Structures are given as structure tokens and as C-alpha cells.
Amino acid sequence: HGLTESEAALTAALVRAPNASPGRVAQRACGVLKAMRGPGQATDCVALDMQADLALARRAWPAQDGIAPHYARRLLAALPAGQPAPVALRSTLDARLQRIALQSLQQHIKELRGRHVEDGAVVVLDNASGEVLAWVGSTGELSRAGEVDAVTAPRQPGSTLKPLLYAQAIAERRLTAASLLHDSPAHLQTASGLYIPQNYDLSFKGWVSVRSALASSLNVPAVRTIVMVSPRAFHRQLGLLGIALPQGGDYYGDSLALGSAEVTLLQLTNAYRALANGGRWCDVGQATGAAHSLPLPPAGEGRGEGCHQALDRRAAFIASDILADRNARALTFGLDSILATRFWSAVKTGTSKDMRDNWAVGYSQRYTVGVWVGNAAGGPMWDVSGTSGAAPVWARLMRALHQHTPSRPPAPPPGLVHTRVRFGDGLEAARPEWFIAGTEQAVFTIDSEAARADPEPAAGPFDLKPADAADRVPARITRPRDGAILALDPDIPPANQRLLLQADPGAADPQALRWWIGAREVGRGPQAQWLPWPGRHVLQLRDARGAVQDERRIEVRGASVKPVRAARQAAGSE
């Protein structure tokens, strides 16, 4: 029958600002209605206000919708057209697990209240069968977008694509888990200009192994890896793993390594399930009715029915071994992080640009669990890191799944070699390592001439000038550069996000140097660390008398710890 005048006016007002308050929508709709009726015509704006309140009020999750309304709707949508619906439709969901997943997600979102986050989603897959055991599409009554199924909503995955990239590079024998990558400033030319990937604190680690780079989620080594593999080849690999991107690899470029494309939680979780299954990708689960066998309706999750070997089994094993290595991830997350479980599990977190999406995806011997936390409307969260966003929900579910069920490491497939490796110049401690047969070697080191030729060495103790030169120059700041814009990586715990400050003391006493941010002293000596907070800052280097020797203007973007907390931690570290 169409829309009434008032309904049309409200709809027109919503198009302009879908998330506006009911009062603001009614106010705009009143103006629309007056324009529709023309001058001299009576307009009941009070009635519009009541209509807006009724139409836009946040609704509680109807009890009759059950505990899995989004999944139920997808199953009903899969019924063959023109055929009678079955009397009974049995899903693969585990009711107990579904309730635990929903309650865990809602409880955690309540704990994050005040950090501008209200949405989340969970999916749990059985590794062997691919059956969907839990599907939570939203936080229900906690969300203003409770009807949106976030399991199938495309979002940027952040660092969660890195395991798939490194696995491809290992499979192609471009890298091994012990190969050394240079974590140093990289300047890459792209179609949109110069691309300069950074780590969370701008303090580059120098030469690091692939194991350390992946487990500790370093950004620059991942970009160097996609340069080896190529964005086109990685794009094809993602397609084999069920992640069909709308644009080609060249469109995303090297930033694809850091999650610049959009994927769904279901796609990503099923791709990780392929890692758990030795690189073999299969469609996700089914529901059965009286006369039907129903695959999930297509939503870009894969390449069609059936299974195929999407990734080399040996490379998948090595990637899983790295993701399960709590020692390798300790550099960033510590040994006792929320990611560490008492049973065998492999997990990766990820956070997208401006803290809009937070992910935790991982697997055990029997299950793969994917969790997304964010805002359905796309707004940024406030101070929600990789270990405080999705990871706690992932950990709770994994503990529930393995309360009475063990999880053991996967058996190594044929064609792998396990041998001890050493690293030259003390780069990393000696350790046992896994290799694809034919790629193993006992020692990994850097050619000294190549290392000296590197134009931008990794962060470390600065090179002092000769004494005669130092006598002629004042102390100067060598890091950070003037005008630097620091975009903090929200996937790293805030307390670990320290910016390295370095100076050349020149003629000054190195130990007498003082670092100041605004009116606050934040460090002493030629090298210090500062726990940054958002805003524009003036960094000053002062001598023992308080005279300013050099200064830099920098800007920090992205949520971090508050200034008071930062000052206390800085003082405690001196």
C-alpha cells in the first residue's frame, strides 16, 4: 500500500543520518513534511515525534527468536524454492555451546562499557566435519544493530592475514621459519604514493626470524614478505582458502599483508580451519531436514562445494607451530598473556585501522573459534587492544570446549625435518626448528658486507661522532624525526607501546641529557623510551642546566594510555 506522508518524511530524514537520535530524526522529518505539504498546511510534528520514538526505539531481542536468530534465518533462506518446507529442520548448532558463546560475548561487551564498543560476533567450527557449532551474529539487546549478522559482514582483518601469507612463502620455499627478515624502515612506492609501514613503537628490531616476526606480529617483515610473494600471488592464495576478494591483488598492493582488504568472520575462521586441517579447505557445515541437505547460503565464503588442498601440508604445520609458540610471541604479548592456554592451541589477533575491528581467530585439535568485536556502524573503539577486545572471548570459549576434552599438537606430516639451528652475532637464541625437507640449514647469519651496505640499519645504540666533531655541535635528537606522525598499532597491549627516543650528545654529557614532553620530563640519557598518548607534542632534549639543545614536533594518533598513567609508568621505569 506504500508509505503514508509521515512515514515517507521519517524515511527521508533517516537517509540523511541513519544513526541520529529519534528526536533529531523527528525534527528533520517535520521539516520534510512541511515542504511536502506546502505553506499554510497544518503539520502535526508531535505525532511525528511519537512515531519516531516507536520506530527507532532499541528493541529487546524477542524471546521467540531463540538463541541463534541469525543462523536460523540463513538456514531458512537456503530452503529450495518451490518445494515444501520440511516439517523439521535440524541444525548442527550445539545449544549449550551457543548459549556459552552468546553469554561470553555479551558479558565481555558489558565489561568494555565506556570504551565505545557494543557489537561482536562468534563462530565455532568443528575441524573435521566443518559443522557450525555456534553462530552468534550480534550482541542482541546490547546493540543498536542487533539485526545485522556480523558473522557475514565484511570487515578489515588487520594482522590476521599474516599467518596465511607466511605459510605461502614457506610453501614456495621463499622463506623458512628460521629465515631472517630485516625489521627496519621500508619505503615502498605504490600507485597512491610512498608507503612506509611502521611497527607499533617505531623501534625497529633489526634482523628477526620469521618465527619471531609472525608470532610477535611485526608489520615491516610482513610487508617485506608480500614483496617476495607478490600481492597477486597472495590474492590467489586467499581465494584458495575461501577468501574471495572483490578486487585484484594489485588494487590492494603490499598493504594486503596488513589486512587492507575486507573479509567476513566466517571466511576467516574457515581459512584458519584449513590451517588446522593441514592446509585442506572445505565448505562449512550443513543442516538436515526431512528431505533436504542444506549447505549454508553463499555469502562469499568459498569457491563452491567440496574440498581441495589449498596450502602445502608442511607449510600449514609450520605456521600452526609458530602460532602456538608462546615463547615466540613473548616479545609483544608476554609469556602469560590471555592467548596462552593450558592445552595446545594456535591463535592470532588482529586490529584494523583506527581501532574499528578487533579479531581473535585460532584453533585447537578439534575446534576453530573466530571472534570479532567492534561497532556495526564502523565507529572506532576507545583503547581496546588486541588482548582486551576479542581475545578474552576466544579464550573463554576455548576453555569451555576443552574443559573435559584434551587438545594435542598435530602430528608432523611427511617431508619435514626437525633440527637445531643457531643464529650468528647473537641475533636469536639457538633452538630446534621445523623445515620443509631440503630447506634446512644449521646456521643463519647475515653477510657482513650486505649488513654494512643497508642504508637504514635497525634501531639500536646510535653511532657516536668522532670527538673532534662532537666538540663543535650541540646535542641533537636523532629519533624521532621532526613532524613524525605516529599511528599506534591497537593490536598491541598499550603498556608495550613505547616510543624509542635517541640522541647524539655532541659536546654534552650523555648522562646529563633530559627528555621533555611539554612540561613533563619523560626520560634521561641519550636513549629513553616514552609511553605516548594521542595529541600533538613538542619533544625537547635539554642539558644538565635545562637549556634546550634540540626539539621535535610530533603527532600521535590512535587511542592509547592516558597521560597521567603514562607519566606514572615512565617515572617507574627510570
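The values are calculated or read from the model by the stated rules, or taken from the named source; none is laboratory data. All of these numbers come straight from a predicted model, not from anything done at the bench. When we count neighbours, we look across all protein chains shown, and the Cβ atoms used for this are built from the backbone with ideal geometry, even at glycine.
Please determine whether any residue of the range 97-117 is touching a strand residue (DSSP E or B) at 6+ places or on another chain (Cβ under 6 Å), in the same structural domain as Asn358 (by TED's automatic domain parsing) and part of a strand (DSSP E or B). Taking every residue of the range 97-117 in turn, none turns out to be touching a strand residue (DSSP E or B) at 6+ places or on another chain (Cβ under 6 Å), in the same structural domain as Asn358 (by TED's automatic domain parsing) and part of a strand (DSSP E or B). Within the range 1-20, the set of residues being in contact (Cβ under 8 Å) with a residue 24 or more places away in the chain and among the hydroxyl-bearing types (Ser, Thr, Tyr) comprises just one member, Ser6.
In the range 494-523, the residue that is surrounded by the fewest Cβ atoms within 10 Å (Cβ to Cβ) out of those that are at pLDDT 85 or above and basic (Lys, Arg) is Arg520. On the stretch given as the range 537-574, residues that are modelled with pLDDT under 85, β-branched (Val, Ile, Thr) and crowded, with 16+ Cβ neighbours inside 10 Å total 2. Based on this model, can you work out whether Leu266 counts as within 15 Å of Leu125 (Cα to Cα), modelled with pLDDT of 90 or more and in contact with a strand residue (DSSP E or B) (Cβ under 8 Å, 6 or more places away or on another chain)? When the stated conditions are applied, Leu266 passes them.
Cβ-Cβ distances below 6 Å connect the following pairs, each with a first residue in the range 121-138 that is more than 12 Å from Thr269 (Cα to Cα), a second residue that is of a type in the set (Asp, Glu), and a separation of six or more residues or different chains: Leu133/Asp94; Leu133/Asp126; Gly137/Asp149. For the range 222-255, residues that are in a loop (DSSP other than H, G, I, E, B) and either surrounded by fewer than 17 Cβ atoms within 10 Å (Cβ to Cβ) or not assigned by TED's automatic domain parsing to the domain that holds Arg313 (or both) total 5. Residues in the range 86-110 that are in contact (Cβ under 8 Å) with a residue 60 or more places away in the chain and surrounded by 11 or more Cβ atoms within 10 Å (Cβ to Cβ): 12 in all. Can you pull out every residue in the range 307-331 that is more than 18 Å from Ala177 (Cα to Cα) and either crowded, with 20+ Cβ neighbours inside 10 Å or outside the structural domain of Trp281 (by TED's automatic domain parsing) (or both)? Scanning the range 307-331 gives a single hit, Ala310.
Residues are listed down the side, and each one gets a yes or a no for (1) outside any strand (DSSP E or B); (2) within 23 Å of Thr387 (Cα to Cα); (3) at pLDDT 95 or above; (4) touching a strand residue (DSSP E or B) at 6+ places or on another chain (Cβ under 9 Å):
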{"site": "Gly120", "(1), (2), (3), (4)": "no, yes, yes, yes"}
{"site": "Val123", "(1), (2), (3), (4)": "no, yes, yes, yes"}
{"site": "Trp135", "(1), (2), (3), (4)": "no, yes, yes, yes"}
{"site": "Ala145", "(1), (2), (3), (4)": "yes, no, no, yes"}
{"site": "Leu161", "(1), (2), (3), (4)": "yes, yes, yes, yes"}
{"site": "Leu164", "(1), (2), (3), (4)": "yes, yes, yes, no"}
{"site": "Ala167", "(1), (2), (3), (4)": "yes, no, yes, no"}
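Residue pairs whose Cβ atoms lie under 8 Å apart, sitting 6 or more positions apart in sequence or on different chains, and linking a residue in the range 335-348 that is within 19 Å of Phe317 (Cα to Cα) and not assigned by TED's automatic domain parsing to the domain that holds Leu161 to a partner that is at pLDDT 95 or above and assigned to a strand (DSSP E or B), do not occur here.
Conditions (1) among the small types (Gly, Ala, Ser); (2) in contact with a Phe, Trp or Tyr (Cβ under 9 Å, 6 or more places away or on another chain); (3) closer than 30 Å to Asp425 by Cβ, marked per residue:
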| site | (1), (2), (3) |
| --- | --- |
| Ser212 | yes, no, yes |
| Asn219 | no, yes, yes |
| Val223 | no, yes, yes |
| Ser230 | yes, no, no |
| Leu245 | no, yes, no |
| Tyr251 | no, no, no |
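Among the residues of the range 76-91, the one identified as under 22 Å from Val123 (Cβ atoms) and either among the polar types (S, T, N, Q) or modelled with pLDDT of 85 or more (or both) is Ser91. Residues that are part of a loop (DSSP other than H, G, I, E, B) and of a type in the set (A, V, I, L, M) within the range 308-362 comprise Ala310, Leu311, Ala324, Ala328, Leu335, Ile338, Leu339, Ala340, listed in sequence order.
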